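Written out below as C-alpha cells is the structure these notes cover.
A short reminder: the numbers here are calculations on the coordinates, not readings from a lab. Bear in mind that the values here come from a model prediction, so they are computed numbers and not experimental data. Cβ sites come from the backbone with ideal geometry, for glycine too, and all protein chains shown count toward neighbours.
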Amino acid sequence: MNTAPLTPPVLAARGLTKTYGSTHALAGVDLEIRPGESVAVMGPSGSGKTTLLHVLSGIIAPDGGRVTLAGADGTVHEVTALTEEQRARLRRERLGFVFQEGLLLPELTAVENVAMPLMLNGVDRRAAEQTAARWLGSLGLAGMEDRRPGELSGGQRQRVAIARAQAVEPDVVFADEPTGALDSDTSEAVLDSLIASTVARGRTLVVVTHDPSVAAACSRLIRVRDGRIESDQAQAAAGTTREQVR
C-alpha cells in the first residue's frame, strides 16, 4: 500500500558510508522509508544492498552517516548513536528479521522459536507461547506448533520465521532473500504471508532480493550499484495478497 508523501518516515538515513578495504559498500546513501511501505532493494552482487539493510537495521555500524528509527509509539531512536548492546536491544524489541534460511533454532519447536524473542523481552513463557501460537495459526501453521524445524518443509520454516519476526509487533520487518531457497510456488505463498503480515497491517517491509517477482510485489523499488542508490521509484504492487492475517 502506498503512503501519503507527507507521512513522516519510519526510517531515515543520511550520508551513509561503509568501506571494506578498498571497496565502498556504501558511498553516501540518503534514504527515507515511510510507514506502510514495502520496499524492495535490488542490485548486482557486491552492490551494497545487504550492507544497506544491515546498517539500517543496526546489525552493523556505518563508518559515517546517520540512521533514525521513528516508532509507532512516537519514540525516535538515532540508531547510529547507540552502542552495540543498545542496538541489539532495539533490534530485539522494535525490529523483525526474516533471512533466506530462516535461521530457526533446530532444537526448539515452532512455537518455542516464535516465543523466544518475546521471552527475551520479558514476557512470561505462557503468554509468549500463546502469542506465538496465534501467529502460527494466522500463517496457516495451526497444528504444527510442536514440530521442530527438521519436521517442517522449507516454506513452513519460512512462515515460522515470519511469525517470529512479527510476534514482537515490530515497526519494521527486514527480509534478506526470504524466498531465495524456495521453489516458485512455495516462494509465492511465503511472499503473500510476508506482505499480509506486515504491509496489510500498516507495518513496513524492507526486502533485499534478486527475484523480480518479489520486487514486483512491493510498492517501491530501489536499485543499488557501487554503494549508491541508482534509482528509486514507486510502483503498483503486483502481488495482492490472497490471505489476510489478523
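Things worth noting here:
- The charge dipole of the chain, taken about its Cα centre with unit charges on the Cβ of Lys, Arg, Asp and Glu (plus for the first two, minus for the last two), comes to roughly 360 debye.
- Each Cα pair under 8 Å and six or more residues apart adds its sequence gap; the mean of these over the residue count of the chain is a relative contact order of 27 percent.
- Ranked by the mean number of other Cβ atoms within 10 Å of their residues, highest first, the peptides 18-27, 34-43 fall in the order 34-43, 18-27.
- Region 139-155 - phi-based ³J(HN,Hα) in whole Hz, Karplus 6.51/-1.76/1.60, Gly and Pro as x: 9, x, 10, 4, x, 10, 4, 9, 7, 8, x, x, 9, 10, 6, x, x
- Packing, as the average of other Cβ atoms within 10 Å across residues, places the peptides 162-172, 147-157 in the order 162-172, 147-157, highest first.
- A Förster radius of 41 Å, combined with the Cβ-Cβ distance separating Asp185 from Arg66, puts the computed FRET efficiency at roughly 0.45.
- With contacts taken as Cα pairs under 8 Å and at least 6 residues apart, region 45-127 reaches a relative contact order of 19 percent.
- The HN-Hα couplings worked out from phi for region 182-197 by the Karplus form 6.51 cos²θ - 1.76 cosθ + 1.60 (θ = phi - 60°) are 10, 6, 5, 5, 5, 4, 5, 5, 5, 4, 4, 5, 5, 6, 5, 8 Hz, whole numbers, x standing for Gly and Pro.
- Distant-in-sequence amide H partners of Gly43 (H built 1.01 Å from N, under 5 Å): Val224
- In region 27-158, the C-alpha radius of gyration followed by the widest Cα-Cα span (Dmax) gives 17.0, 48 angstrom.
- When +1 charges are put on Lys and Arg Cβ atoms and -1 charges on Asp and Glu Cβ atoms, the dipole computed for region 14-68 relative to its Cα centre reaches about 40 debye.
- Two-decimal Rg to Rh for the chain - Kirkwood Rh, Cα set: 0.95
- 3J(HN,Hα) from dihedral phi, region 37-51, Karplus parametrisation 6.51/-1.76/1.60, rounded to Hz, x for glycine, proline: 7, 10, 10, 9, 10, 10, x, x, 4, x, 6, x, 5, 5, 4
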